[in-house]
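Engineer: Have a look at this one before I ask anything.
The values are calculated or read from the model by the stated rules, or taken from the named source; none is laboratory data. Worth saying up front: this structure is predicted, and the values here are computed from it rather than measured. Quick reminder, even Gly has a Cβ in these numbers, built from the backbone with ideal geometry, and neighbours come from all protein chains shown.
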Amino acid sequence: MENKEHQLARMLIGNKWTTGNNATTSPVYNPSTGEIIGLTPMGSAEDVNEAVKVAQKAFQTWSEVPSPRRADILFRYRSLLEENMESIASLISKENGKTLDEARGDIRRGFEVVEFACGIAHLMKGESLSQIAPEIDGLTLKEPLGVCAGISPFNFPAMVPMWMFPIAIACGNTFILKPSEKVPFTAIRLAELFLEAGLPEGVFNVVHGGREVVDALCTHPGIAAVSFVGSSPIAKHVYSLATSHGKRVQAGGGAKNVQLVMPDADPDATIRSISGAAFGCAGQRCMAGSLLVGIGEIVGPLKERLVSAMDSLTMGDTSGEDRVDMGPVIDGQSKNRILGVISDSEKMGIKVLRDGRNGLPKEGFFVGPTLLEQVNPEMDLFREELFGPVLSLLSPKNLDEAISWLNRLPFGNGATIYTSNGQAARHFSRKINCGMVGINVGVPAPMALFPFAGWNDSFYGDLHVQGTEGVMFYTRQRVILSRWDNNYQRIQGW
Ligand code: NAD
């Protein structure tokens, strides 16, 4: 039950903390207990308008601040994030349900983007070529775009926003973040610490809300670029709406990631890695392994050992005293949806080798680790993202059949092969139709130095988040040709 005592998430517009212009709110749960712990004010187009105004004003000065001085603030921000790591991890654990270790990982991956952005003076250097024509030198400059917006999902409350705003701001842009309404408090803490690091008023703003705010960000003439991460249908919506309003867009979508095991894979390391990839963060990573592919004689031992590893995972309240391996999914709706898919699959004749419907804690939004067998590429279960701790096992004849099945998937985020054969690994990594490949690495999520390179329905746009693609996304190039000597003579024949 919502009540007036619940903490209301605040928005940051300029240096003003506000609850916005709209009276409606959305509940924030502790997924471990099912209790409401706060309320998110569902902002309006008017809130977006106010944020754009202050961000446009701030851009005039911020874009002129020398890049090494912008980096000074990022260095201080990095230190503050490190000092506050534990308290932010508890916050993430409370509003998202991750274990503390997973929450620390969430911050660490974002933190690395801040570290990357500290090198912005080098990253923004252009190119030059002397004597591109008689007495003419050519030079490119990377310049910021203006006000940029970021829209993020619930599953990585720290990392995903930090894929976006540290690079955008380091490049000299100003930024409006619309975090997921399910996890607003982590975003607020990230903003508070950035202000504490010395970020000037209006450079970073936070507006909470749902579709009204998202659509206002995608259509506002004062916004130059939109970064989105979330499910594919919303990614597609944001991509088409914002590009049709003349904006640059990078939009990460959903996924169906593969864990493929060859008969020669190292057994212990492979089981540990699959278990982490499929059940870590309760299967709510966009790189979570959700299709398990066994080739040849490995299938029998793989099932047996995996079920035993799943049985040993402890599940429970991640905000409590005891250490657990696995937390809940985000809300009651997700829980019911995932349990419903397991039941429907069983009715269709799919074998439930390990049943995550059993032995669940009474409170909270828990789904146990689940393994389904006899899945094939014709099934919805093969194609559709579940976003929970459910692995579906397929057994194709050989590696080539596996690749041909997997290349029918609409998504293209991650695929891992476990093998000790370099030729098989190379063949798989060149032929699989997706952007991030793991070779004996269960979650091949690139770190800040590389792009987060989803393909197909896992990404709409061309420049991905992170790495030098991130810098390219948040800057535009100016080319300057200069000639200072008009009395030049052409070199004969040239
Ligand atoms: P979601 O698509 O429901 O929400 C993402 C954002 O869009 C939120 O801020 C939400 O408020 C907003 N939103 C929701 N419905 C909307 C609508 N109708 N119109 C406009 N905006 C709307 O995603 P989620 O459930 O928060 O997150 C899980 C999804 O994110 C999964 O599909 C996962 O695979 C994906 N994800 C992808 C990546 C990636 O890099 N590709 C990374 C993390 C998560």
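Engineer: Report every pair of residues separated by at least 6 positions or lying on different chains whose Cβ atoms are under 7 Å apart, first residue within the stretch 318-343 and free of Cβ contacts under 8 Å to residues at least 12 places away in the same chain, second part of a helix (DSSP H, G or I) and not aliphatic (A, V, I, L, M).
Structural biologist: none
Engineer: State whether the residues of the stretch 327-336 include one that is more than 16 Å from the ligand (Cβ to nearest atom) and β-branched (Val, Ile, Thr). If you could, list the steps in order and put the result at the bottom.
Structural biologist: First pass over the stretch 327-336, keeping only residues more than 16 Å from the ligand (Cβ to nearest atom): none.
Within the stretch 327-336 (the criterion being more than 16 Å from the ligand (Cβ to nearest atom) and β-branched (Val, Ile, Thr)), the answer is no, since none of the residues qualifies.
Engineer: Between Lys178, Lys182, which is modelled with pLDDT of 95 or more, crowded, with 24+ Cβ neighbours inside 10 Å and within 23 Å of Arg108 (Cα to Cα)?
Structural biologist: So the residue among Lys178, Lys182 that is modelled with pLDDT of 95 or more, crowded, with 24+ Cβ neighbours inside 10 Å and within 23 Å of Arg108 (Cα to Cα) is Lys178.
Engineer: Moving on to the next point. Within the stretch 1-43, take every residue that is in a strand (DSSP E or B) and among the hydroxyl-bearing types (Ser, Thr, Tyr) and give me the one that is surrounded by the fewest Cβ atoms within 10 Å (Cβ to Cβ).
Structural biologist: That would be Thr18.
Engineer: Let me ask another. State whether one or more residues within the stretch 192-202 are outside any strand (DSSP E or B), in contact with a helix residue (DSSP H, G or I) (Cβ under 9 Å, 6 or more places away or on another chain) and within 25 Å of Ala255 (Cα to Cα).
Structural biologist: No: zero hits.
Engineer: Oh, and also: If a residue counts only when it is under 24 Å from the mean Cα position of the chain (by Cα) and either surrounded by fewer than 24 Cβ atoms within 10 Å (Cβ to Cβ) or away from the ligand (no atom under 16 Å from the Cβ) (or both), which helices (runs of 4 or more DSSP H) contained entirely in the stretch 230-317 have at least 3 such residues?
Structural biologist: Numbers: elements: 232-244, 267-279, 299-311.
The helices (runs of 4 or more DSSP H) meeting that bar are 232-244, 267-279.
Engineer: Restricting attention to the stretch 205-224, which residues are away from the ligand (no atom under 14 Å from the Cβ) and either crowded, with 24+ Cβ neighbours inside 10 Å or not assigned by TED's automatic domain parsing to the domain that holds Gly43 (or both)?
Structural biologist: Asn205, Ile223, listed by residue number.
Engineer: Can you pull out the residues in the stretch 344-362 that are touching a residue at least 24 places away in the same chain (Cβ under 8 Å) and among the charged types (D, E, K, R)?
Structural biologist: Arg354
Engineer: List the number of the failed condition for Leu123; all other conditions in (1) without any contact (Cβ under 8 Å) to a residue 40 or more places away in the chain; (2) closer than 15 Å to Leu449 by Cα hold.
Structural biologist: Of everything listed in (1) without any contact (Cβ under 8 Å) to a residue 40 or more places away in the chain; (2) closer than 15 Å to Leu449 by Cα, Leu123 misses just condition (1).
Engineer: Same structure again: I'd like to know if the stretch 29-49 contains one or more residues that are in the same structural domain as Glu201 (by TED's automatic domain parsing), more than 29 Å from Gly327 (Cβ to Cβ) and without any contact (Cβ under 8 Å) to a residue 40 or more places away in the chain.
Structural biologist: Looking through the stretch 29-49, at least one residue is in the same structural domain as Glu201 (by TED's automatic domain parsing), more than 29 Å from Gly327 (Cβ to Cβ) and without any contact (Cβ under 8 Å) to a residue 40 or more places away in the chain.
Engineer: Could you check the stretch 250-292 and list, in sequence order, the residues that are aliphatic (A, V, I, L, M) and on the phi > 0 side of the Ramachandran plot?
Structural biologist: Ala282
Engineer: Still on this structure: Please work out which one of (1) under 22 Å from Val113 (Cβ atoms); (2) within 16 Å of the ligand (Cβ to nearest atom) is the condition Arg189 fails and give its number.
Structural biologist: Single failed check for Arg189: (2).
Engineer: Do we find a residue being at pLDDT 95 or above, in contact with a helix residue (DSSP H, G or I) (Cβ under 7 Å, 6 or more places away or on another chain) and either among the polar types (S, T, N, Q) or not assigned by TED's automatic domain parsing to the domain that holds Ser392 (or both) anywhere in the stretch 320-336?
Structural biologist: no
Engineer: If I filter the stretch 75-114 down to residues being closer than 29 Å to Phe387 by Cβ and acidic (Asp, Glu), which single residue comes out as surrounded by the fewest Cβ atoms within 10 Å (Cβ to Cβ)?
Structural biologist: My answer is Glu86.
Engineer: Collect the residues in the stretch 81-98 that are part of a loop (DSSP other than H, G, I, E, B) and either over 18 Å from the mean Cα position of the chain (by Cα) or over 23 Å from Leu39 (Cα atoms) (or both), keeping them in residue-number order.
Structural biologist: Correct list: Asn84 only.
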